[in-house]
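Student: Just passing along the structure, written as structure tokens.
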Amino acid sequence: GAVVSQHPSWVICKSGTSVKIECRSLDFQATTMFWYRQFPKQSLMLMATSNEGSKATYEQGVEKDKFLINHASLTLSTLTVTSAHPEDSSFYICSAPWVAGGGYEQFFGPGTRLTVL
Amino acid sequence: GDSVTQMEGPVTLSEEAFLTINCTYTATGYPSLFWYVQYPGEGLQLLLKATKADDKGSNKGFEATYRKETTSFHLEKGSVQVSDSAVYFCALSGAGGGNKLTFGTGTQLKVEL
């Protein structure tokens, strides 16, 4: 099956620093990837759609200058949280679609826990 | 816009009990419907899906039927096990499933011996 990895799995950083999170499709190519944010005991909130070779599409209310997304290749998308603050602490999850069961299916990474001190 | 509403948890059941987690949706057109499961410390995994009205998705003893007339996709299992303890998310997407997903808030299930 299609596998999506994320790195790092967890990160702790100081307020004001920037953190980069990687999302990789290991055994398939993905022209599109999705970035979600999950708050404790809450649902996943779609942040943006990452498009290979072009700009990301951000959901309403998500600061594009705060959450920089780069989809540099068909297997890698990165999310950089710039000048991180404690309120950015969250669980960040990526997904990528691939063909499965006669249609497309979203395959999710295991997530990255970000803690900003 | 599209939205998904699912019953709040946590839900605590004894092993071998019957499980129902309600899910209703609002969407334009004919969305695909999904149930995802998130085990502790792991990423989301697709549990089952249905792509058109009256379709029944099933996997690992879980079932859900796409009911367009009631805009529902309730998750059921006849006999839960301790290993089913996880968070369950109902979700929908536009045609094809490759589009972005809209999730419900998730329902935590705890199964006890």
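Student: Take A:Leu74 and tell me if it is over 12 Å from the mean Cα position of the chain (by Cα), within 27 Å of A:Gly1 (Cβ to Cβ), more than 13 Å from every other protein chain (Cβ to nearest Cβ) and in contact (Cβ under 8 Å) with a residue 12 or more places away in the chain. Step through it out loud before you land on a result.
Tutor: On the way: over 12 Å from the mean Cα position of the chain (by Cα): yes; within 27 Å of A:Gly1 (Cβ to Cβ): yes; more than 13 Å from every other protein chain (Cβ to nearest Cβ): yes; in contact (Cβ under 8 Å) with a residue 12 or more places away in the chain: yes.
Yes: the conditions hold for A:Leu74.
Student: Does A:Val116 qualify as being over 19 Å from A:Arg24 (Cβ atoms), in contact with a strand residue (DSSP E or B) (Cβ under 8 Å, 6 or more places away or on another chain) and within 14 Å of another protein chain (Cβ to nearest Cβ)? So that I can check it myself, show each step before the final result.
Tutor: On the way: over 19 Å from A:Arg24 (Cβ atoms): yes; in contact with a strand residue (DSSP E or B) (Cβ under 8 Å, 6 or more places away or on another chain): yes; within 14 Å of another protein chain (Cβ to nearest Cβ): no.
Taking the combined requirement at face value, the residue does not satisfy it.
Student: Another question, if that's okay. Residues in the stretch A:93-110: is at least one within 11 Å of the chain's Cα centre (by Cα) and more than 10 Å from chain B (Cβ to nearest Cβ)? If you could, list the steps in order and put the result at the bottom.
Tutor: Initially, the stretch A:93-110 is screened for residues within 11 Å of the chain's Cα centre (by Cα), giving A:93-96, A:108-110.
After this cut, where a residue has to be more than 10 Å from chain B (Cβ to nearest Cβ) as well, the list is none.
No.
Student: Out of the residues in the stretch B:21-62 meeting the condition of being among the acidic types (Asp, Glu) and over 18 Å from B:Thr107 (Cα atoms), tell me which one is farthest from the other protein chains (Cβ to nearest Cβ).
Tutor: In the first step, residues of the stretch B:21-62 are kept if they are among the acidic types (Asp, Glu); the result is B:42, B:54-55.
Right, trim to over 18 Å from B:Thr107 (Cα atoms) and you get B:54-55.
Working: B:Asp54: 17, B:Asp55: 12 Å.
Applying the filter and picking the extreme gives B:Asp54.
Student: Any residue at all in the stretch A:11-19 that is closer than 29 Å to B:Gly9 by Cβ, in contact with a strand residue (DSSP E or B) (Cβ under 6 Å, 6 or more places away or on another chain) and surrounded by 13 or more Cβ atoms within 10 Å (Cβ to Cβ)?
Tutor: Taking every residue of the stretch A:11-19 in turn, at least one turns out to be closer than 29 Å to B:Gly9 by Cβ, in contact with a strand residue (DSSP E or B) (Cβ under 6 Å, 6 or more places away or on another chain) and surrounded by 13 or more Cβ atoms within 10 Å (Cβ to Cβ).
Student: Is it true that some residue in the stretch A:1-15 is among the hydroxyl-bearing types (Ser, Thr, Tyr), without any contact (Cβ under 8 Å) to a residue 40 or more places away in the chain and assigned to a strand (DSSP E or B)?
Tutor: No, because not a single residue in the stretch A:1-15 is among the hydroxyl-bearing types (Ser, Thr, Tyr), without any contact (Cβ under 8 Å) to a residue 40 or more places away in the chain and assigned to a strand (DSSP E or B).
Student: Out of the residues in the stretch B:68-113 meeting the condition of being more than 14 Å from chain A (Cβ to nearest Cβ) and basic (Lys, Arg), tell me which one is surrounded by the fewest Cβ atoms within 10 Å (Cβ to Cβ).
Tutor: Here is the first cut: in the stretch B:68-113, the residues more than 14 Å from chain A (Cβ to nearest Cβ) are B:68-85, B:111-113.
Restricting the remaining residues to those that are basic (Lys, Arg) gives B:68, B:77.
Details: B:Lys68: 13, B:Lys77: 20.
Going through the qualifying residues, I end up with B:Lys68.
Student: Can you tell me which residue among B:Gly29, B:Gly43 is more than 15 Å from the chain's Cα centre (by Cα) and on the phi > 0 side of the Ramachandran plot?
Tutor: Values: B:Gly43 fails: on the phi > 0 side of the Ramachandran plot.
Exactly one of B:Gly29, B:Gly43 is more than 15 Å from the chain's Cα centre (by Cα) and on the phi > 0 side of the Ramachandran plot, namely B:Gly29.
All of the numbers you see were taken from the coordinates with simple rules; none came from a lab. Because the structure is a prediction, the values reported are computed rather than measured. Don't worry about glycine lacking a Cβ; one is built from the backbone with ideal geometry, like all the others, and counts go over all protein chains shown.
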